[in-house]
Amino acid sequence: MKKQALFPGIRKPESGRSTGSGLARLLPIFCIVLLLAGCGYGTADMAERTEETVSQGEDVTKRTEWEIVIPDDNYRNYYEIFVSSFYDSDGDGTGDLNGVAQKLDYIQDMGFTGIWLMPVMPSPTYHKYDVTDYCAVDERYGTTEDFRRLAEDCRERNIRLIIDMPINHTSSEHPWFQAACEYLAGLAAGEEITGETCPYAEYYHFSREQENENYYPVTGTEWYYEGVFWSGMPDLNLKNEAVRGELEKAASFWIELGAEGFRMDAVMHYEENDTAFNTEVLRWLYDYCLQQNPDFYMVSEVWAGEKTIADYYGSGTPSLFNFDLADAEGKLIKAARGKYSAESLADAMLLYQEDFSAQNSGWIDAPFLTNHDMGRTANALISDENDVKMAGGLLLTMGGSPFVYYGEEIGMRSKGTKDENKRLSMYWSDTDEMGQTLDPPGADEGIGSAFGSVEEQLLDETSILNYYRRALRLRNENPEIARGTAEKVEALCNEQQAVILKTWEDSSIAIVYNISDEEAEIDLKEGGLEEREIRGNLTLNGEEIVRMQDVLCMPGQSVCILK
């Protein structure tokens with residue numbers, strides 16, 4: 001990597017962005033002199049200061065003195081994959097499980113240590129959230145043996161494989177629902193449902209009245225059924241013990257095949273507005289899965305604010321997606337574009353720690369920028385490459401287990417609100433169509449990518465992809481980032497800069513953020529950090545972060561680890 005000047009040029013800040021602290025305005029010449037004197041400790045790729053002297057022309061990306069040791073626990077860097085749009089192993093245009101297996105080298109090289117597969121069970125729709133068989137693999141994705149081999153390959157690489165488990169509803173084409181509707185069609189007018197005659201009639205929410213807009217008529221009968229999402233997804237009655245027995249069989253089936261965790265879909269809708277019941281459902285299934293695998297992991301979708309998420313940690317399950325941070329108006333993307341202060345983000349980290357741990361001392365946060373239901377990060381940031389990188393850097397220095405939606409690492413785009421446009425084919429290459437999938441049916445054409453394919457970005461050391469690689473490596477080299485207890489360094493937190501201490505076991509690091517577009521100088525002595533040295537850092541395009549005496553000189557939109 002070619003070393004670049006710390007101050008290669010100054011971008012004008014966007015409206016409302018600070019150009020740095022008062023100290024930043026007093027010391028720029030001082031730091032430039034220090035840099036020219038060759039006193040820098042590291043580059044954007046260097047994760048650890050060694051005892052030997054680093055010569056100015058040395059390519060530090062070749063250094064291999066450090067070793068990454070990933071603890072065998074449930075703190076992971078997860079990569080969310082929509083299988084159909086990921087990689088096609090057999091040339092039929094649909095991504096498949098063998099395609100995921102063929103890309104494990106890529107996933108591992110990026111630094112991901114976990115994979116979340118969106119639903120892989122048989123389904124009549126392209127997205128597969130409406131299941132017709134809980135104990136099978138959709139034939140378009142492969143076979144159960146393909147899944148078993150993928151799970152074994154992941155385990156050999158210390159990659160945790162988790163799958164989507166949509167238990168709020170089935171498909172209207174599920175045999176259970178079909179049998180129930182056939183039974184209802186045979187009932188006489190006014191005759192009540194009896195589970196002894198047809199147990200499947202008690203698997204769903206049937207009523208003679210259309211109780212609300214989420215109830216749909218059962219054709220040819222006087223009955224209605226609940227389907228909160230749409231008529232093709234009738235809601236299961238999770239109070240029914242026979243239903244729970246069926247789902248326990250399904251859980252055992254997937255755990256035996258090698259799944260090491262479940263992503264729980266639509267948790268708030270098990271029973272509408274009934275947190276106590278919904279958390280009980282999570283606890284029941286999690287306890288059952290722990291009996292099969294003591295290291296089993298569960299992460300759940302509670303699309304709500306911070307206080308509601310905290311309530312759901314009362315289930316005792318390890319992780320809930322942190323929607324407070326996510327999407328275009330979430331704290332991470334707003335901070336990356338300069339619309340949310342660094343100090344406020346630090347305060348949010350402490351709030352999560354306090355509120356979530358109060359409900360579950362073993363909580364593992366699940367931060368993310370976007371997912372299959374949301375517009376892409378690049379859209380929210382108007383394809384500003386620097387802001388896209390900064391958002392990724394903020395995410396990958398958060399505590400817990402971050403989730404990255406496939407294609408975020410290359411800045412893929414979406415369009416509008418149509419779901420199909422959020423689940424487009426992974427952009428692997430400009431020159432080679434091998435493995436390329438078709439977009440989902442109904443997706444708009446010409447959405448494209450603002451930043452190029454995986455193939456192209458791998459060759460560009462300053463690409464978004466290689467920024468994500470550096471961020472993930474930095475995370476893997478510093479387990480305190482994920483696992484540490486956070487403490488705010490009040491003296492060094494303001495609108496554009498923030499410092500968080502992370503302590504795990506007997507080790508402590510400081511994470512220093514400069515979210516401003518401009519250079520900043522951090523007075524380490526003021527924050528009591530003068531004894532710490534640079535462990536690693538993230539900058540946009542290879543700029544250096546320099547520490548001399550008690551001053552840390554940081555380029556715009558950068559992150560530094562001190563230890």
Next item on the list: From LEU290, LEU332, grab the single residue that is assigned to a helix (DSSP H, G or I) and either at positive phi or over 14 Å from the mean Cα position of the chain (by Cα) (or both).
Entry: LEU290
Checklist line | All positions within segment 534-555 that are in contact (Cβ under 8 Å) with a residue 60 or more places away in the chain, in contact with a strand residue (DSSP E or B) (Cβ under 6 Å, 6 or more places away or on another chain) and surrounded by 20 or more Cβ atoms within 10 Å (Cβ to Cβ) | finding: ILE534, ARG535, GLY536, ASN537, LEU538, THR539, ILE545, VAL546, ARG547, CYS553
Check: Identify, please: which residue in segment 204-245 is touching a Leu at 6+ places or on another chain (Cβ under 8 Å) and not in a loop (DSSP other than H, G, I, E, B) and is, among those, nearest to GLU173 (Cα to Cα)?
Finding: TYR204
Notebook entry, point to check: Which pairs do you get when a residue that is at pLDDT below 80, found in segment 55-83, comes within reach of a residue that is surrounded by fewer than 17 Cβ atoms within 10 Å (Cβ to Cβ) and of a type in the set (Ser, Thr, Tyr), reach meaning Cβ atoms under 9 angstrom, with the pair 6+ apart or on two chains?
Noted result: ARG63/THR50; GLU65/THR50; TRP66/THR50
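Pick out the one residue from VAL512, VAL489 that is touching a Cys at 6+ places or on another chain (Cβ under 7 Å), open to solvent by less than 20 Å² (accessible area, probe 1.4 Å) and closer than 18 Å to LEU350 by Cα.
On the way: VAL489 fails: touching a Cys at 6+ places or on another chain (Cβ under 7 Å).
It is VAL512.
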Check: Quick one: which of ASP365, ASP419, ASP347, ASP387 is among the acidic types (Asp, Glu) and without any contact (Cβ under 8 Å) to a residue 60 or more places away in the chain?
Finding: ASP365
Next item on the list: With the checklist (1) closer than 25 Å to PHE86 by Cα; (2) open to solvent by 60 Å² or more (accessible area, probe 1.4 Å); (3) part of a helix (DSSP H, G or I); (4) without any contact (Cβ under 8 Å) to a residue 60 or more places away in the chain in hand, flag the one item ARG140 doesn't pass.
Entry: (3)
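Can you confirm whether THR275 is of a type in the set (Val, Ile, Thr) and buried (at least 19 other Cβ atoms within 10 Å of the Cβ)?
no
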Next item on the list: Taking THR94 as the residue in question, decide whether it is surrounded by fewer than 22 Cβ atoms within 10 Å (Cβ to Cβ), among the β-branched types (Val, Ile, Thr) and in contact with a Phe, Trp or Tyr (Cβ under 8 Å, 6 or more places away or on another chain).
Entry: yes
Note to self: For the condition at pLDDT below 95, outside any strand (DSSP E or B) and over 30 Å from ARG283 (Cβ atoms), what is the one hit in THR431, THR437, THR417?
What the structure shows: THR431
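Condition test on LEU369, is it out of contact with any Leu (no Cβ under 8 Å at 6 or more places or on another chain) and either open to solvent by 30 Å² or more (accessible area, probe 1.4 Å) or within 27 Å of SER449 (Cβ to Cβ) (or both)? Step through it out loud before you land on a result.
Working: out of contact with any Leu (no Cβ under 8 Å at 6 or more places or on another chain): no; either open to solvent by 30 Å² or more (accessible area, probe 1.4 Å) or within 27 Å of SER449 (Cβ to Cβ) (or both): yes.
No, not satisfied.
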Notebook entry, point to check: Taking into account only those residues within segment 102-125 that are buried (at least 20 other Cβ atoms within 10 Å of the Cβ) and of a type in the set (Phe, Trp, Tyr), which is farthest from ASN466 (Cα to Cα)?
Noted result: TRP116
Notebook entry, point to check: Has segment 461-469 got any residue that is surrounded by fewer than 24 Cβ atoms within 10 Å (Cβ to Cβ), among the hydroxyl-bearing types (Ser, Thr, Tyr), modelled with pLDDT of 95 or more and under 23 Å from ARG76 (Cβ atoms)?
Noted result: no
Margin query: Please go through segment 160-193 and give me each residue that is open to solvent by 50 Å² or more (accessible area, probe 1.4 Å) and more than 33 Å from the chain's Cα centre (by Cα), ordered by number.
Written below: PRO175, GLN178, GLU182, ALA185, GLY186, ALA188, ALA189, GLU191, GLU192
Next item on the list: Give just the number: which of (1) open to solvent by 30 Å² or more (accessible area, probe 1.4 Å); (2) under 30 Å from ILE115 (Cβ atoms); (3) in contact with a strand residue (DSSP E or B) (Cβ under 7 Å, 6 or more places away or on another chain) does PRO217 not satisfy?
Entry: (2)
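The values are calculated or read from the model by the stated rules, or taken from the named source; none is laboratory data. None of these values were measured; they are calculated from a predicted model. So basically every Cβ, Gly included, is an ideal-geometry build from the backbone, and we count neighbours across all protein chains shown. Each accessible area value is taken on the protein alone, full model and side chains, heavy atoms only, with ligands, DNA and RNA left out. Shrake-Rupley method; radii C 1.70, N 1.55, O 1.52, S 1.80 Å.
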